[in-house]
Every structure is written in C-alpha cells, then in structure tokens.
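> Okay, handing you the structure first.
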Amino acid sequence: MLSELPGKWPQLQGTVQAGASFLEVLRTLQSVRFGIDLPGIGELCFRLHECLALGTKVVRPTPGQIAVPRGLEAVVVRDPAELRDYQPDTVRAVYKALYSPRAAAAWFLAGVRSRAACRV
C-alpha cells in the first residue's frame, strides 16, 4: 500500500522510516504535515494514536471498519487535499477528549454502568 501512494499523490514528498527508534519516529511525526494510517495486520494502527497525541493530522487513504469519533473528521481524512490548517494543540485537545485511551475507557465504563443500571 505504501508503494501506491506516490502514484496517487505525485505532488507530495514523503518520509519513510524503517528500523528507526521510537524517539526518531516521534521526532519525525512532529516535523511532518501529516501522518499516514495504513492497515497492517489488523485494522487499528498504533500510529494513529501517536500522530494524534502529538498533534499531527492523519491521512487514512483506505476506508476501514474502525471509525474515529465525531470531532476528528477534520484531522483524519482520506485525501491530503481535505486537510485543514489545524494547529497541533487543537489536534491534541480533540484527541485527548475523544479518542485517547483515557477517553475510550471513560466511554466504555459509562456504557457498562448504563447497561448495569438497566438490569436492576
């Protein structure tokens, strides 16, 4: 999939890192206009979380089963042309409120409590 991207968007230049340390990956993600979220073995890529936590917008060129919550549609797009000029602090704030592991856990626990209350 990665090799297909230059044909899809020939006007863009990209950075591909292989064998980089985690610190090098984080530095790179902070220095690029957006990250790419491609499916791997499973649908959810940890790179999506890394990008959003760092304030980096994400291009997800292939549709997937995992939806991002409302509010992230502007920073997780299918085409780089759809990206808007959001500041990293805005991306981080939306991620923290809507998609971070803490936000996901709160959503999950609220659902569990709601179902438990219905059974009483």
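The values are calculated or read from the model by the stated rules, or taken from the named source; none is laboratory data. Everything quoted here is computed from the prediction, not taken from an experiment. All Cβ positions, glycine included, derive from the backbone under ideal geometry; neighbour counts span all protein chains shown. Side chains are part of the model used for accessible areas, which takes the heavy atoms of the whole protein and leaves out ligands, DNA and RNA. Shrake-Rupley method; radii C 1.70, N 1.55, O 1.52, S 1.80 Å.
> Taking the stretch 87-107 as the region of interest, how many residues are closer than 17 Å to Leu44 by Cα, without any contact (Cβ under 8 Å) to a residue 24 or more places away in the chain and open to solvent by 80 Å² or more (accessible area, probe 1.4 Å)?
Residues in the stretch 87-107 being closer than 17 Å to Leu44 by Cα, without any contact (Cβ under 8 Å) to a residue 24 or more places away in the chain and open to solvent by 80 Å² or more (accessible area, probe 1.4 Å): 1 in total.
> Counting only residues that are part of a loop (DSSP other than H, G, I, E, B), among the hydrophobic types (A, V, I, L, M, F, W, C) and in contact with a Lys or Arg (Cβ under 9 Å, 6 or more places away or on another chain), how many does the stretch 33-44 have?
Count: 1.
> Take the stretch 37-86 and flag every residue that is in contact with a strand residue (DSSP E or B) (Cβ under 9 Å, 6 or more places away or on another chain), touching a residue at least 40 places away in the same chain (Cβ under 8 Å) and under 20 Å from Arg102 (Cα atoms).
If the condition is that a residue be in contact with a strand residue (DSSP E or B) (Cβ under 9 Å, 6 or more places away or on another chain), touching a residue at least 40 places away in the same chain (Cβ under 8 Å) and under 20 Å from Arg102 (Cα atoms), then Leu52 is the only one that fits.
> Looking only at the stretch 87-105, count every residue that is in a loop (DSSP other than H, G, I, E, B) and under 14 Å from the mean Cα position of the chain (by Cα) and tell me the total.
2
> Let me confirm something: among Gly64, Gly35, which residue is small (Gly, Ala, Ser), closer than 26 Å to Ala93 by Cα and at pLDDT below 85?
Gly64
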